[in-house]
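The values are calculated or read from the model by the stated rules, or taken from the named source; none is laboratory data. Being a predicted model, the structure only gives us computed values, none of them experimental. Counting neighbours? That spans all protein chains shown, and the Cβs are built from the backbone with ideal geometry, glycine included.
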Amino acid sequence: MDTRLRVGRAIAKTEEEVAPELMKQIKRHAPDEGPPAMSTDGKGAYREAMLETWGKVPDYGGRGAPPKLPQPGKDWQYLQIIKKREGGKLLRVITKVVYGNIEEVKKKLGCHTAYVERTNLTCAFHEWAAGPQDAFLLKGASFPSSC
């Protein structure tokens, strides 16, 4: 991948709240394009948010019940990286291609979450460095520009 540019940021208590907001932000930047190739953890909130934002309900073919659920595009690329832990120890990493050709997706995205984890660590450090007197600001929308 040529870039690891972050095109959106949202702060919420759960991934289920953040994912739809991030997908809306991404769509605002490129309204005529589909979702970018992306990798996340294995929770599934981003898969649902992608379908909600870019998915299309197929045309009715005339047989059976008409389709109601949005379907992914043929060119979508999405990889989940699931880390299995026991206690504090990482046991194994499982990669699961949700959308796209397995080889193409793994080649384009890699099979790690290093960039996301680096960002999370940077934000955690900024929160720690701010100290308790500023911690209430960091729980809201007042993150340093690097986060």
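For residue 80, the conditions (1) surrounded by fewer than 18 Cβ atoms within 10 Å (Cβ to Cβ); (2) more than 20 Å from residue 33 (Cβ to Cβ); (3) of a type outside the set (A, V, I, L, M, F, W, C); (4) touching a helix residue (DSSP H, G or I) at 6+ places or on another chain (Cβ under 9 Å) all hold with the exception of (1). Just one of (1) touching a strand residue (DSSP E or B) at 6+ places or on another chain (Cβ under 7 Å); (2) among the hydrophobic types (A, V, I, L, M, F, W, C); (3) at pLDDT 75 or above fails for residue 102. It is (1). Any residue in region 11-24 that is under 13 Å from residue 54 (Cα atoms) sitting within a Cβ distance under 8 Å of a residue that is at pLDDT 90 or above and of a type in the set (S, T, N, Q)? List the pairs, counting only those 6 or more apart or interchain. Final answer for the pair search is 20/53; 23/53; 24/53. Among the candidates 74, 106, 43, 68, which residue alone is outside any loop (DSSP other than H, G, I, E, B) and either surrounded by fewer than 12 Cβ atoms within 10 Å (Cβ to Cβ) or not small (Gly, Ala, Ser) (or both)? Only one candidate qualifies: 106. If you filter region 29-57 down to residues that are at pLDDT 90 or above and over 12 Å from the mean Cα position of the chain (by Cα), you find that the one that is nearest to residue 85 (Cα to Cα) is 51.
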